[in-house]
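Presented below is the structure to which this report refers.
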Amino acid sequence: MPIRRYERVTTDNPVLKEIQERVEDALLPVVDSSIIDGKLLTGHVLASGTTSVIAHGLGRKLKGWVVVSKNAAQHVYDAQASNDSPDIFLHLTAGGAVTVDLWVF
């Protein structure tokens with residue numbers, strides 16, 4: 001689900017205008033951060049030495065990913081160079097068998 005944009009309420013009240021400006025100044029840097037607009041993908045099993053293809057469900061080209069948790073001390077590698085459909089899939093390779101939870105954005 002896309003992040004809802006901040007919208008000011010039309011008003012002649014100077015105090016409310018000031019509050020809205022301050023809220024906007026504080027909120028926009030957070031909302032504009034690309035990592036915020038993402039999804040949590042859980043329970044993906046990565047096999048040793050093979051490329052795993054994971055549907056990310058963002059509805060747009062993937063900007064990046066972060067391993068949130070894993071059940072083994074294995075390295076997880078980006079295999080996006082071979083990905084012909086980054087708007088649909090994330091390609092990952094692991095040094096050994098591991099189950100991961102990912103934040104994709």
- Could you list all residues from the range 3-53 that are of a type in the set (D, E, K, R) and touching a strand residue (DSSP E or B) at 6+ places or on another chain (Cβ under 9 Å)? Lys39
- Message: Yes or no: the range 24-44 includes at least one residue that is over 17 Å from the mean Cα position of the chain (by Cα), at pLDDT 95 or above and not aromatic (Phe, Trp, Tyr).
- Response: no
- Query: Quick one: what pairs do we get from the range 5-32, first residue closer than 30 Å to Lys63 by Cβ, second assigned to a helix (DSSP H, G or I) and among the hydrophobic types (A, V, I, L, M, F, W, C), C-beta under 7 Å, 6+ apart or different chains?
  - Reply: Tyr6/Leu27; Tyr6/Leu28; Tyr6/Val31
- Only residues that are farther than 13 Å from Val104 by Cβ and of a type in the set (Gly, Ala, Ser): list them for the range 53-92, please. Ser69, Ala72, Ala73, Ala79, Ala81, Ser82, Ser85
- Query: In the range 54-89, how many are touching a strand residue (DSSP E or B) at 6+ places or on another chain (Cβ under 8 Å) and either outside any loop (DSSP other than H, G, I, E, B) or hydroxyl-bearing (Ser, Thr, Tyr) (or both)?
  - Reply: 14
- Would you tally the residues in the range 33-53 being exposed (fewer than 14 other Cβ atoms within 10 Å of the Cβ), small (Gly, Ala, Ser) and either without any contact (Cβ under 8 Å) to a residue 24 or more places away in the chain or in a strand (DSSP E or B) (or both)? 3
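Inspect all residues belonging to the range 5-17 and state whether any of them is under 28 Å from Val66 (Cβ atoms), at pLDDT below 95 and not in a strand (DSSP E or B).
yes
Quick test for you: out of Thr42, Thr11, pick the one residue that is touching a Lys or Arg at 6+ places or on another chain (Cβ under 7 Å) and polar (S, T, N, Q).
Numbers: Thr42 fails: touching a Lys or Arg at 6+ places or on another chain (Cβ under 7 Å).
The conditions single out Thr11.
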- Could you tell me whether any residue of the range 2-23 is surrounded by 12 or more Cβ atoms within 10 Å (Cβ to Cβ) and among the acidic types (Asp, Glu)? no
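The values are calculated or read from the model by the stated rules, or taken from the named source; none is laboratory data. Everything quoted here is computed from the prediction, not taken from an experiment. Cβ: placed from backbone, ideal geometry, glycine included. Neighbour counts: every protein chain shown.
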